[in-house]
1. Provide the per residue accessible area, probe 1.4 Å, for segment 55-169, rounded to a whole number of square angstrom.
2. Sorted by accessible area with a 1.4 angstrom probe, largest first, how do Leu110, Leu27 fall?
3. Determine the share of segment 1-139's accessible area contributed by carbon and sulfur atoms, expressed in whole percent, with a 1.4 angstrom probe.
4. Among Thr51, Thr60, what's the order by accessible area (1.4 angstrom probe), most exposed first?
5. What does DSSP give for the chain in terms of the percent of beta bridges that are antiparallel, rounded to the nearest 5?
6. Go ahead and set up a Gaussian network model of the chain, Cα springs under 10 Å, then flag whichever of Phe141, Phe20, Phe149 fluctuates most.
7. If the elastic network links every pair of Cα atoms under 10 Å, which of Leu107, Leu76, Leu55 fluctuates the most in the Gaussian network model of the chain?
8. Compare Pro93, Pro154, Pro32 in a GNM of the chain, Cα atoms joined below 10 Å, and give the one with the largest fluctuation.
Amino acid sequence: EPESLKTNVKNKKPVILAHFHGDELALVALTPIYKIATMTSTSRDGQLMTTVLKLMGGKTARGSSTRGGVSALKGLIEHCKNGANSSFAVDGPKGPIYEVKPGVFELSRLLKSEIYAAGVFCDRAWHFPKAWNKTYLPRPFARILVVWFGPMGPIQKTDDPRSADLAKSLQNQLFAAQRQA
């Protein structure tokens, strides 16, 4: 864990914990440690994730880039301003998998927050091969290792959140963190 991540969390300065979509179930255990807030979809899967995160002390804002995205982003910003850190699946809500979308950079710009890239390793899990995001559910007593890279940002007002260079840079950090995990 980078020192700056520890310092920001200790000082209650919101950070963005970026990850690929399939890793979200493995990262749920970090909810109480990092005081996680995230966006969840308005689907049944999103309701299930919302319930689990709330039971663990997390916060959610419902919506996605295809439905209710603006209100969800506003809700996420509000949670972060009130002491939460954002967990952000950068390649959602519908993929393509491992392709970083601009939302994470927009959030960084609005919150003036640094972005940390997560690489996740899970030694045993149930896999769902038909899922577009290659999601998996860690088995009981699975060993999970999370490696953090960064920080990146905060993204400035003069930066374009849709920049291919920003997306490629974060994607490279995510892949590097994954390889190290």
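The values are calculated or read from the model by the stated rules, or taken from the named source; none is laboratory data. Computed from a predicted structure; not experimentally measured. With ligands, DNA and RNA removed, areas are computed over all heavy atoms of the protein, side chains included. Shrake-Rupley method; radii C 1.70, N 1.55, O 1.52, S 1.80 Å.
1. Ligands and nucleic acids excluded, the figure is 55 Å² per residue.
2. Values: Leu110 75, Leu27 15 Å².
Most to least solvent-accessible, the answer reads Leu110, Leu27.
3. Values: 4020 of 7020 Å².
Of the solvent-accessible surface of segment 1-139, carbon and sulfur hold 57 percent.
4. Working: Thr51 60, Thr60 20 Å².
I get Thr51, Thr60, largest accessible area first.
5. On the way: 10 of 23 bridges.
If I count the DSSP bridges inside the chain, around 45 percent turn out antiparallel.
6. Of Phe141, Phe20, Phe149, the most mobile in the Gaussian network model is Phe141.
7. Most flexible of the set in this elastic network: Leu55.
8. Answer for the Gaussian network model of the chain: Pro32.
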